Structure formats: structure tokens, C-alpha cells
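Only one structure is covered here, and it is reproduced in the block below.
Every read-out reported here was derived from the displayed coordinates using simple, explicitly stated rules and does not represent laboratory data. Here the structure is a predicted model, which means the values were calculated and not measured. Positions of Cβ are generated from backbone atoms using ideal geometry, with glycine treated the same way; all protein chains shown enter the neighbour counts.
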Amino acid sequence: MLSQRQRSKLLPYIYLLPCLILIAAILLYPVLVGIYTSLLDRDMYTMEGVFVGLRNFRRLADEPVFLLALGNTLWWTGTVVAGQYVLGLMLALLLNEDVRGRFVFRALILVPWVVPLAVAAVAWKWIYAEYYGILNHILRSLGIIRHNVAWLANHETAMWSVIAVGIWKGIPFVAIVLLAALQSIPREEYEAAMIDGAGNLQSFIHITLPNLRGISFIVIVLTTIWNFNQFDLTHILTRGGPGNATQLLSTYTYQLFFSAFQFSFAAAVAVVMLVVLMCLTVIYVRRII
């Protein structure tokens, strides 16, 4: 028999048990099935699989589209995260100033964040349209371009166009989080620096940045996880084209599974993504605990 103290310690875990079972059924089971599938050579007609071990993973090193998608994913993630952080920090610094109507501006910057990603992607697809898009119309009116540009169909502009939308979508989150951190910095530190003759740049380097170090690390890790796993935006805007110019690991996995019906190989790519995301998640959890 358990003692009263032991039962009291066990009770919270009993209450959590139904939730843990639900999480395991919804999240853990599909992950385990995906890992198991990556070790098979599954037939698309019978769905029967032959165990092949790590053959699908060895094949990744010789697959040019996978290597291209991996490079695109790393470039996309690094560029978008850097753009979101730098522009979000600049916006947070502006909104932290005591200006008239700043509460209205703080509300307006949330618009890109609250708009559903699919809706935002469709809207930007119209904006980027070659013949009827407003972007080409504005640039022609300003004399910046002479002919319409196929932003999403041009190999040189497609990735940058998608990156711009990704940065636009994530700036509000970064700005709001950093703004909250800025408001927690004691004003006395800036006043003391001003008395000592420090300018705005020196105060930013020696006071603002050190106080933002912890929250900045968390923001960067979170946005890295989200952008590395990004699918909706690129799929709706370009579907990985033109010529795999915007192909990410997420869109590549989708195409392998639903278009090429290479279930096991798609599962292997997904497992690679899972490993990377798990490493980032461990870093994040260790930081916040």
C-alpha cells in the first residue's frame, strides 16, 4: 500500500495521464511510424514494406535535389531569421520611444502576424503577379523598372521574393517580444550613462544589447525552428519552383510523398528534419529551464 505522502506525489501524474496518452497518440505515434517507414522500401500499391535499414539515408547524399533543398533551407532559415531579428529590433526601438499614438502603431504591427499564413501567401502571390500585380505597377510608375518582372517565376528573384514575405510575416512577433524586454530595462541605467557622457550608440551597445541577450537568444532559436520547418508559404507561392530554386526540405518531402509516392524516401528526409529540429528544441528547453 502507498502511504499518504506517496499518493499525494503520484496524484498530479495521474491527472496528467489522459493528456499524456492523447499527446502520445497524436504526436508520438506518427513520429515513430515515420521513423519506421524510413527504414523500409515501401511499395505504393500494396503499401507493404521491405526492411532496408539505412539505405534511404545513404541515398540522400547522392540525391542532388535533396542537397539543393538542404542548402535552400539553410539559406532561407538564416536569412529570414536574421531579417526578422534586425528589423524587429529596429521596430521595437522605435515603438519604445515616447511618441504620440504609439499604442496605435503597436496594434498595427500585429496585422501581419495575425493574418493566417495561407491568406497572406495568396495575397502576396497577387502582389507579385507579373501582369496585374501591384508591385510591378508601383515600380514602373517610379521608373525603377521598365518591364514587368515575374518575381516568383524568375530563378534569380524567386527565393528573395519568398524570403521577403517570410521576414514580413515574422517581424511583429520579434518586435513585440523585444519591445516587452526593452520596457523592462531600468531607466536609471540610461540616465547614469547619460551623466557619464555616453551617447545613444554607446548606451545601445553597453546597456540595451546586454539586457536583450537572453530574450534575443530565445527569439532566435524559436524563429529558427519555425522557419526551418516552414511549408505553407513556399508551397503556396512557388511550390518549390522555378526549377527547384525555392525548394525547401519541407516542400521536397511533400512532393516526394504525395507526387512521387516515394513514401520511405520522403520519411527519411522528414527524419533528417526531425533530428535538426530536436537539436534546436533541446537548446531552447535548456535555455528556458
Find out how many positive minus negative residues lie around TYR131, taking Lys and Arg as positive, Asp and Glu as negative, among other residues whose Cβ is under 15 Å from that of TYR131. +2
Largest fluctuation, PHE263, PHE217, PHE66 only, Gaussian network model of the chain with Cα springs under 10 angstrom, belongs to PHE217
In what sequence do LYS125, LYS9, LYS169 fall when counting other Cβ within 10 Å, fewest first? LYS9, LYS125, LYS169
Tabulate in residue order the Karplus-calculated ³J(HN,Hα) for segment 83-90, using 6.51 cos²θ - 1.76 cosθ + 1.60 with θ = phi - 60°, rounded to whole Hz; enter x for Gly and Pro. x, 5, 6, 5, 5, x, 5, 4
Over segment 105-216, what is the relative contact order in whole percent, taking alpha-carbon pairs under 8 Å and six or more residues apart? 22
So for LEU17, LEU94, fewest C-beta neighbours within 10 Å to most, what's the order? LEU17, LEU94
Which whole-Hz couplings ³J(HN,Hα) result when phi for each residue of segment 231-237 is put into the Karplus expression 6.51 cos²θ - 1.76 cosθ + 1.60, θ = phi - 60°, listed in order with x for Gly and Pro? 9, 3, 4, 5, 5, 6, 6
How do THR77, THR246 rank when sorted from fewest to most other Cβ atoms within 10 Å of their own Cβ? THR77, THR246
Of the peptides 20-29, 264-273, how do they stack up when ordered by the mean number of other Cβ atoms within 10 Å, highest first? 264-273, 20-29
Could you tell me, in Å, what Rg and Dmax come out for the Cα atoms of segment 65-288? 20.4, 68
For segment 69-88 and segment 171-233, what is the separation of their C-alpha centers, rounded to whole Å? 19
Go ahead and estimate [θ] at 222 nm for the chain from helices alone: -39,500 (n - 2.57) per DSSP H run with n ≥ 4, summed, over the residue count, rounded to 500. -22000 deg cm²/dmol
